Amino acid sequence: MIKLANRKATIAIFSYEIWKHPRALKIAKTLVKHGFKVKLWGSRKPLRKGPRVIRGILNYIFAIFEVFTIRATIYWIENVPDIIYLPLFFLKKNIVYDRRSPWAKQVLLETKNVLLYKVAEVIERYALKKAEKVVVVSTPMKYEYEKTKEAEVIPNFPEKIFIKKNTKDVRSKLGIGKDVKVFIYIGKLSVTEGAPLLAKAIKRLCNKHSVAEIWIVGDGPARNIIINVSRNCSNIRVFGWVKRSKVIDYIASSNYGLVPRFKNFLSVFYNHEGIHKIGEYLVYGKPVIACGLAPSKYYLNVDPEEFDKTIEKVALEKLKVEAQKRFPLWEEVSENKILKVVNELLEKRGQAFWK
């Protein structure tokens, strides 16, 4: 028997830019599916004109006030423990703190500022202490603060709805032969997401039409790095952002998925559980070539310095990479974990029942 929570409960889900975070939306859909009332909060940023700094401060104050006024039975806080959410930790109970990334350590990596790191860690530890439930996106993150509080792992696997039987053949539309191996990168173009490593791979495969193409579906601050290096490469295609519903067609028409990352002290936290695109490649049977990630049976994980050479070897059939035959889905793993967390919170207050 599965113990379900009282579905009269209202669950508020917070993520500062919620429409950019599929995980928050998947959690909301899961809860609605099982009969719960759900409130979604993302910052509206009502002030869009005026000096940037002043506008930002005022929008922040507005967000803090708005978050504080939301009424719910459970408060599910996704993303980093921003100061926007501190009033909830001070005054509310029934908080689920959903850690998508090791925030304080990311601050240290990106800013090299030890003081900012210490401040971020104090906020993070306070959030961990005050939250009644802590969930994380990958198993390695479960042990990051294991002495502070035990965490439930809720992987960021793709939903069943992402698997579409009738996909459009982008390859044929572009006139690409079946023998050409298509390597696809989906996501943000940034240094953190490995854009320079992707640029190296583009240089190595540039104009090798007979063996390979690289497709880039996405955009971001490092877009110029990719555009500059691929300017004279007719077998490199930069599509920019495309509609979510159309991303499936590009994946289905490719041969391999790419996930480049630089190796650093955060690499251990990132694997197939947390990086959404890995699952999206794999549910369409595309082998994944990655670097700078934690070890996993679900992808070939190479040293970042070997990433471009590995792609070339695969393109020339000097190296074979195969996908796992089966990859777990959101509904098979993550849904039950969400219900378990919600039920345990409500059960403390006598609000749960058996069904």
| note | Residues whose built amide H sits under 5 Å from the amide H of V38, excluding neighbours closer than 5 in sequence, are I11
| remark: In whole Hz, the Karplus estimates of ³J(HN,Hα) for the stretch 173-190 (6.51, -1.76, 1.60; θ = phi - 60°; x where Gly or Pro) are 4, 8, x, 9, x, 5, 7, 7, 8, 9, 9, 10, 10, 10, x, 6, 8, 8
| field | Dipole-positive endmost among H209, V283, A72 within the chain (Cβ charges, Cα centre) | value | A72
| note | So, with points 7 Å from each Cα along the Cβ direction, the V114-V333 label distance in nm works out to 3.8 nm
| Summing -39500 (n - 2.57) over the DSSP H runs of n ≥ 4 in the chain and dividing by its residue number, what mean residue ellipticity at 222 nm do you reach, to the nearest 500 deg cm²/dmol? | -11000 deg cm²/dmol
| remark: Comparing V229, V136, V182 in a Gaussian network model of the chain (Cα, 10 Å), the one with the largest mean-square fluctuation is V229
| Can you give the extra length, in nm with one decimal, that the chain gains between T167 and Y126 once fully stretched, where that is 0.36 nm per residue apart less the Cα-Cα distance? | 10.1 nm
| For the chain, size of Cβ-based charge dipole, Lys and Arg +1, Asp and Glu -1, in debye | 980 debye
| query | So, in nm, how far is label K309 from label T139 when the simple model puts each one 7 Å beyond its Cα toward the Cβ? | reply | 3.0 nm
| Nearest 10 degrees, 0 to 90: what angle lies between the long axis of helix 52-69 and the longest principal axis of the chain (Cα atoms)? | 50 degrees
| task | Determine the sum of side-chain charges near Y117: Lys and Arg each +1, Asp and Glu each -1, restricted to other residues whose C-beta is under 13 angstrom from that of Y117. | result | +1
| query | Sorting Y126, Y85, Y145 on the 10 Å Cβ count, fewest up front, what's the list? | reply | Y126, Y145, Y85
| query | Can you flag which of K149/K309; K133/K165; K20/K297; K149/K297; K164/K188; K29/K149 are past 32 Å Cα-Cα? | reply | K149/K309; K133/K165
| remark: At R0 = 45 Å the Cβ-Cβ FRET efficiency linking N59 and K203, nearest 0.05, sits at 0.65
| query | Using +1 on the beta carbon of Lys and Arg, -1 on that of Asp and Glu, and nothing else charged, what's the dipole of the stretch 173-312 about the Cα centre, debye to 20? | reply | 360 debye
| task | Distance from a point 7 Å along Cα→Cβ of L40 to each backbone N in the stretch 7-21: keep the residues under 20 Å and list them by number. | result | 9-21
| field | Cβ-derived FRET efficiency at R0 25 Å, S234 paired with L316, nearest 0.05 | value | 0.85
| message | Give me the extension gain from N224 to S245: residue separation times 0.36 nm, minus the current Cα-Cα distance, reported in nm with one decimal. | response | 5.0 nm
| said: Please compute the modelled spin-label separation between R71 and E344, points set 7 Å along Cα→Cβ, answer in nm with one decimal. | reply: 2.9 nm
| task | Loop sites only, by DSSP: take the GluC sites (Glu not before Pro) in the chain that have at most 13 other C-beta atoms within 10 Å and name the longest stretch containing none of them. | result | 151-316
| In the chain, which cysteines lack any other cysteine Cβ under 4.7 Å from their own? | C291
| field | Net charge contributed by nearby residues that have their C-beta within less than 15 Å of E317 (K/R +1, D/E -1) | value | +4
| Along the charge dipole of the chain, Cβ charges K/R +1 and D/E -1, which of A294, I61, S253 sits furthest on the positive end? | I61
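Values in this text are rule-based calculations from the coordinates and carry no lab data. Because the structure is predicted, anything quoted here is derived from the model rather than measured. When we count neighbours, we look across all protein chains shown, and the Cβ atoms used for this are built from the backbone with ideal geometry, even at glycine.
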